[in-house]
Structure formats: C-alpha cells, structure tokens
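The values are calculated or read from the model by the stated rules, or taken from the named source; none is laboratory data. Quick caveat: nothing in here was measured; it's all calculated off a predicted structure. The area values use the complete protein model at the heavy-atom level, side chains included, leaving out ligands, DNA and RNA. Shrake-Rupley method; radii C 1.70, N 1.55, O 1.52, S 1.80 Å.
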Amino acid sequence: MTFKDGTRIFYEEKQGRTQRFIEFPYNPQELKMIKENPILKRFFDSKVRKFNAGKYYYLPKLYDIACDLNETQRIQLYGELKELHDKVGKEYDPNIKCKGFLLTCGEYFEGNIAQCTAFFMTIYLAMLDLEVNKEQYPHSLGKTMVLRSCEAVILKNTNPEEAAVMFEKKHKYNFENDDAYYSSETDSRYEKYNGYNGYDDDTIDIGFDGYPEATWNVN
C-alpha cells in the first residue's frame, strides 16, 4: 500500500511470522541534498524511516497527538476512531477513508495528508487483524481491543506501554512481539470468574469494570 508522497505500508517475514511495517520517504529537502550530492544518500538511508506498525507504534503517537489537543479535540479524535472501528468488518475494505483525521491531527503531521492517512490506516489494519482473528479466538474483544487501547491514551492519558497490554491476556510488554495480542489460556488467570464467557479475570476487571455479565454481546 503506497501513498502519494511515497509513504508505504507493507509486510515482511521476521522471526518466522509476517509483520506489518510503515516506511516514510525522503522529505523534499533531503531529496534536493541527495540530488546535489549523491553520496549523502547513504547518510539519509541510515536514518530511521521504517517502523513496525503494530500497537507499540501507533499508541505512542496517539498519546503524543492527544497531549497537544484540548478536551473537545480529544473527544472528537476518539469519535473519529469510533467511526472507523464501526466500519471494520472481517475483510479489507479498499473504500475505507482516513483523511478525516487531518482535521484533528493535521498539525502533528504538518498538513501531510498522505502520512496522516497512512498512520491511521495502521490502526484500521490492526482492528481488521483482530476481527479476522476472532474466528480463531471467538472470545476475544476483536477490533474493540484496539479502540479501547486508543481510548485509554487519548481520553485517560494512559501510558502507551500500559495501554498496549491492558486488554490482552498476556500482560507483558514485548517490542519483539509487537502484534501478539493473544496468548494461551493457562495458569490462574481464570480463577476469579471461572473463565466467564471465555474471558480471563484481568479482561473482566479492566475491560468490563469487574462485571462478567457485561461480556455478553460484545461486538
């Protein structure tokens, strides 16, 4: 997936599994300098342009964006993400639009529509991944797990590292396993509520305020 300015989202095999990455192009000034002095290309290539596009990428950025917004803007940003969440199905939709986020986040991306769109597309794809995975993990929160993590950093000022693992069954921060939202349902994590409706104790306590009955009809 390549955007107008050259920003691209792509997949690579790493450590035996497919991972998603986002890569940003040279900016206009860098292109001019490379054209004038080609040897500088090696220097610019050494700069970080490629990022693992999982939750440890987009949650810290959302946190930074939210820090510069007032309460009304934060609510608007969350509302835009909720609309995006509601559009996510179990198949990729090429008609999904993320350009509306420029209204609340344009300053952070210096008005770059392509990079703003690409960033929020990584969130859409994360939601899509989890909806598809619900077939394998039927009791998971699916796309809602991403939305609630985003809500935590935008509206509750939660540390991104904490928000990244708040609603998953494996509460361990691990950069090397960036998109691993699931782990085996073992040990004592199901003692308190006896695995009510398939959810572990932490998910019910944190995600449903300690009310296991609220896990019914979760979309």
For a 25 Å ceiling on Cα separation, which of these pairs sit above it: LYS35/LYS61; LYS97/LYS143; LYS4/LYS156? LYS35/LYS61; LYS4/LYS156
So how many Å³ per residue does the convex hull of the Cα atoms of the range 1-78 work out to? 143
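So, for the range 1-141, what is the accessible surface per residue at a probe of 1.4 Å, expressed in square angstrom?
Working: 8210 Å² over 141 residues.
Accessible area per residue: 58 Å².
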Short to long, in 10 Å steps from zero, the percent of alpha-carbon pairs of the range 91-159 per bin is 19, 40, 33, 7, 0
Can you send over the carbon and sulfur percentage of the accessible area for the range 96-152, probe radius 1.4 Å, protein chains only? 49
Does the range 27-115 classify as rounded, prolate or oblate by the C-alpha gyration tensor (a ≥ b ≥ c root eigenvalues; a/c under 1.5 gives rounded; else a/b over b/c gives prolate, otherwise oblate)? prolate
Full extension from GLN76 to LEU40: what is 0.36 nm times the residue separation minus their Cα-Cα distance, to one decimal in nm? 8.8 nm
